[in-house]
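As structure tokens, the structure follows; a few thoughts come after it.
Rule-based calculations on the coordinates, nothing more; no lab input. Just so you know, these numbers come straight off a predicted model, no measurement behind them. So basically every Cβ, Gly included, is an ideal-geometry build from the backbone, and we count neighbours across all protein chains shown.
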Amino acid sequence: MLLYVVLYQERLVLPLIPYFTFWDRSQGELSRMTKIHKYFCLGSWVAGGIIIIIMLAASWIAFLRGNGDLAMGLYIYTIIPYTCLGIIWLILLYQSWAAIQDEQAGITPVKAVVLMLVPFFRYYWIFRVFQNYAGEYNAYVDRRGLALPSLSGGLFTAFSILWIAYGILQSALIGTGLLVLLIGVYLVVGTVTLNTLCNCLIRLPARTSS
């Protein structure tokens with residue numbers, strides 16, 4: 001399933017990401033994320049997560065009733081909402097790094113996203129671009145002298161660990177309640193984490209593009 005997700009993301013995500021970030025191309029300015037952008041991203045994440053949980057729960061029930069074909073079919077089709085969640089997350093990842101770009105930024109938005117699509121390497125890269133993002137954000141705020149609250153890395157670490165756990169264990173947990181539990185915890189932590197991230201991006205002032 002991960003292979004299919006990677007292929008779909010490579011074909012669909014990369015061409016779309018620049019159009020879902022918040023550039024005002026006529027002014028050459030990166031505008032702040034607004035509450036509308038936040039509610040769209042979080043609403044899409046929550047809706048996709050609910051659909052995934054319902055499909056996995058139905059797959060589990062079908063497996064318990066001995067209908068293996070239906071259980072596997074439901075599991076395979078979770079690729080559709082799962083890919084939607086992946087697109088939302090990559091859009092926010094791109095926007096997050098675009099918002100703190102300056103001469104000292106070590107990672108570009110495109111690099112952050114593209115390397116997340118590389119199989120196996122992504123399990124290291126998520127710690128570099130997401131778990132470590134709080135520190136990069138705080139350093140940027142300090143360099144700019146912005147009177148903004150610091151971003152705690154605890155949620156970003158928890159999300160990264162759960163993301164890896166789900167990616168590695170999902171196939172082994174097909175047809176079990178543990179898979180439903182794992183994705184449920186992952187989606188709840190993800191919602192809180194992305195909400196925190198969006199709030200930080202909303203607070204950042206607009207920045208002119210270089």
| field | Cα gyration tensor category, rounded, prolate or oblate, for segment 41-168 with a/c compared to 1.5 | value | prolate
| query | Quick one: net charge of Gln104's neighbours, Cβ under 10 Å, K/R +1, D/E -1? | reply | -2
| task | Give, rounded to the nearest 20 debye, the magnitude of the charge dipole that segment 59-170 has about its Cα centre when Lys and Arg contribute +1 at Cβ and Asp and Glu contribute -1 at Cβ. | result | 120 debye
| message | When a/c reaches 1.5 or more, the comparison of a/b and b/c decides; with that in mind, is segment 123-210 rounded, prolate or oblate per its Cα gyration tensor? | response | prolate
| Using 0.36 nm per residue, how much length does the chain from Glu103 to Phe40 gain when fully extended, once their Cα-Cα distance is taken away? | 19.6 nm
| query | Arranged from highest to lowest average of other beta-carbon atoms within 10 Å per residue, in what order do the peptides 39-46, 102-109, 78-85 appear? | reply | 78-85, 39-46, 102-109
| request: Just subtract the alpha-carbon distance of Leu64 and Phe120 from 0.36 nm times their residue separation and send over the number in nm, one decimal. | output: 17.0 nm
| task | Would you calculate the separation in nanometres between label points at Ile54 and Thr176, each defined as 7 Å from the Cα along the Cα-to-beta-carbon direction? | result | 2.6 nm
